[in-house]
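Peer 1: One structure, as structure tokens, below. Some questions next.
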Amino acid sequence: MKLFVLKWKVRRTLAFSIHDLAVILGDEITSVDLVPIFNGFLKDLDEVRVGVLKHLYDFLKLLPVPQRREYLPRLKEFLSTDNIRNWRFRWELAEQCILLCELFTASEVSEHIVPVAMMLAVDKVADVRCMTYKLLGVILRSLRDEERLLQGFVNDLIEGLALSYRWTGRHAFAVLCQHLLQEDGLQDAASLERFAKDFLPSLLALGSDSVPNIRLALARTLTQSVLPIDYMTSTQNPHCDDVLRIFQALQADKDSDVKYFANLPSGAVPLCVSRELV
């Protein structure tokens, strides 16, 4: 049966279930017979491609490591869709990349997954960005035993987000810092010291940003995730004075929304909720 003669709805059904077929048929048949079909789906309509994307991790984990690696350069292809408004496609890509990090080495993650994550971090849709913040946290953990790669990734985040000329990039950095502290649970001394060294100076620099939305995101991050941690306001933190100085300035900010968020009690605002364009 030739796939090109099948209607797209049939191909879509097969795309959503090809990982189940792989489990049933076993490694050898999957590598020889299913991989070519899978590759065809990657070039198909978005309605079909989303099926293989949604179960990309489930399929790739069944392949031999050398064959699995062949798909890394193709991850960026999922950033292109027939309809740019199809934001759920990019959301699925971010979610799958979170799972894929465990299948590949730190160097492979750095080379292939990081560039995709950096693009998704400044997506126009808030839900996509929120999923990507989780991905960026997973990448940090994946690289933690490779200091050179880790520092390179941190530099990418600072240069690509915190120092971005686009306000959406700087906003993403502020929310990412909140996610790292709140969702990733950086509570041990070593992790907090690393955060203060790598991220805190760039985060605090956003306090003088000319865009109110950036200062608002910073106010929320400080109130909800930085100040509640004792280390951040203790003399152990070399930036503790700057934390308090910037926070006090935000509490008296000329923008009423920024001032409101800076004066909220801890825990009053959920992650990924703010005044922003979606």
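Peer 1: Go through region 187-203 and give me each residue that's touching a His at 6+ places or on another chain (Cβ under 7 Å) and of a type in the set (A, V, I, L, M, F, W, C). Steps first, answer last, please.
Peer 2: Within region 187-203, the first condition is being touching a His at 6+ places or on another chain (Cβ under 7 Å), and the residues that meet it are 196, 200-201.
Answer for region 187-203, where residues must be touching a His at 6+ places or on another chain (Cβ under 7 Å) and of a type in the set (A, V, I, L, M, F, W, C): Ala196, Leu200.
Peer 1: Identify all residues within region 34-54 that are part of a helix (DSSP H, G or I), over 20 Å from Leu100 (Cα atoms) and open to solvent by 20 Å² or more (accessible area, probe 1.4 Å); write none if there are none.
Peer 2: Of everything in region 34-54, those that are part of a helix (DSSP H, G or I), over 20 Å from Leu100 (Cα atoms) and open to solvent by 20 Å² or more (accessible area, probe 1.4 Å) turn out to be Pro36, Ile37, Gly40, Glu47.
Peer 1: Return yes when Leu157 is under 26 Å from Pro73 (Cα atoms), out of contact with any helix residue (DSSP H, G or I) (no Cβ under 6 Å at 6 or more places or on another chain) and open to solvent by less than 20 Å² (accessible area, probe 1.4 Å) and no when it is not.
Peer 2: Working: under 26 Å from Pro73 (Cα atoms): yes; out of contact with any helix residue (DSSP H, G or I) (no Cβ under 6 Å at 6 or more places or on another chain): yes; open to solvent by less than 20 Å² (accessible area, probe 1.4 Å): yes.
The answer is yes for Leu157.
Peer 1: Sticking with this structure for a sec: Of everything in region 13-33, what is over 17 Å from Cys97 (Cβ atoms) and not hydrophobic (A, V, I, L, M, F, W, C)? Give them in sequence order. Reasoning before the result, please.
Peer 2: Here is the first cut: in region 13-33, the residues over 17 Å from Cys97 (Cβ atoms) are 13-18, 20-33.
Listed by number, the residues that qualify are Thr13, Ser17, Asp20, Gly26, Asp27, Glu28, Thr30, Ser31, Asp33.
Peer 1: Here is a further query. Can you tell me how many residues within region 132-154 are open to solvent by less than 20 Å² (accessible area, probe 1.4 Å) and part of a helix (DSSP H, G or I)?
Peer 2: Looking only at that region, the number is 9.
Peer 1: Sticking with this one: Can you confirm whether Asp58 is within 25 Å of Ala106 (Cα to Cα) and open to solvent by 40 Å² or more (accessible area, probe 1.4 Å)? Working first, answer last.
Peer 2: Working: within 25 Å of Ala106 (Cα to Cα): yes; open to solvent by 40 Å² or more (accessible area, probe 1.4 Å): yes.
Yes.
Peer 1: Filter region 55-85 down to the residues that are in contact (Cβ under 8 Å) with a residue 40 or more places away in the chain and not in a loop (DSSP other than H, G, I, E, B) and list them by number. Steps first, please.
Peer 2: We begin by selecting, within region 55-85, every residue in contact (Cβ under 8 Å) with a residue 40 or more places away in the chain; these are 56-57, 59-62, 72, 75-76, 79.
Once the filter is applied, which keeps residues that are in contact (Cβ under 8 Å) with a residue 40 or more places away in the chain and not in a loop (DSSP other than H, G, I, E, B), region 55-85 yields Leu56, Tyr57, Phe59, Leu60, Leu72, Leu75, Lys76, Leu79.
The values are calculated or read from the model by the stated rules, or taken from the named source; none is laboratory data. None of the values given here were measured: they were computed from a predicted structure. Note that we place each Cβ from the backbone using ideal geometry, even for glycine, and neighbour counts take in every protein chain shown. Protein only, heavy atoms only, side chains kept; ligands, DNA and RNA dropped before computing areas. Shrake-Rupley method; radii C 1.70, N 1.55, O 1.52, S 1.80 Å.
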